[in-house]
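A short worksheet on the structure shown next.
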Amino acid sequence: MKDNENKKGFVKQLIERCKADTPPFFKKMRLVGLALAAVGGVLVAAPIALPAAIVTAGGYLIVAGSVATAVSQVAVKDEECEDKKKEY
């Protein structure tokens, strides 16, 4: 029973992190990740025959862009840390 409650708390915390404000650097990183994934998708789904190395690179771009986008989406501002910086 307790394990199920921990899972619910984890999911709730993850949803809250996704809704929280994202720092500017990670907003830019998210856009770069989306662009990488889009370029990779174009390479993989190209209507012309491309060399296998380019199609493989496209798959890697999709994965790298997706991971960068996901990681940058869950990064949140830490107000406590910013308050400490202002004190100094």
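The values are calculated or read from the model by the stated rules, or taken from the named source; none is laboratory data. Not measured: the values here are computed from a predicted model. Methodologically, a virtual Cβ is constructed for each residue, glycine included, from the backbone with ideal geometry; neighbour enumeration extends over all protein chains shown.
Worth a mention:
- Summed over the range 6-62, residues that are surrounded by 10 or more Cβ atoms within 10 Å (Cβ to Cβ), of a type in the set (Val, Ile, Thr) and farther than 24 Å from SER72 by Cβ total 3.
- When restricted to residues that are part of a helix (DSSP H, G or I) and without any contact (Cβ under 8 Å) to a residue 40 or more places away in the chain, the range 1-33 contains 21.
- Restricting attention to the range 34-88 and to residues that are assigned to a loop (DSSP other than H, G, I, E, B) and under 30 Å from GLN13 (Cβ atoms), the residue that is modelled with the lowest pLDDT turns out to be TYR88.
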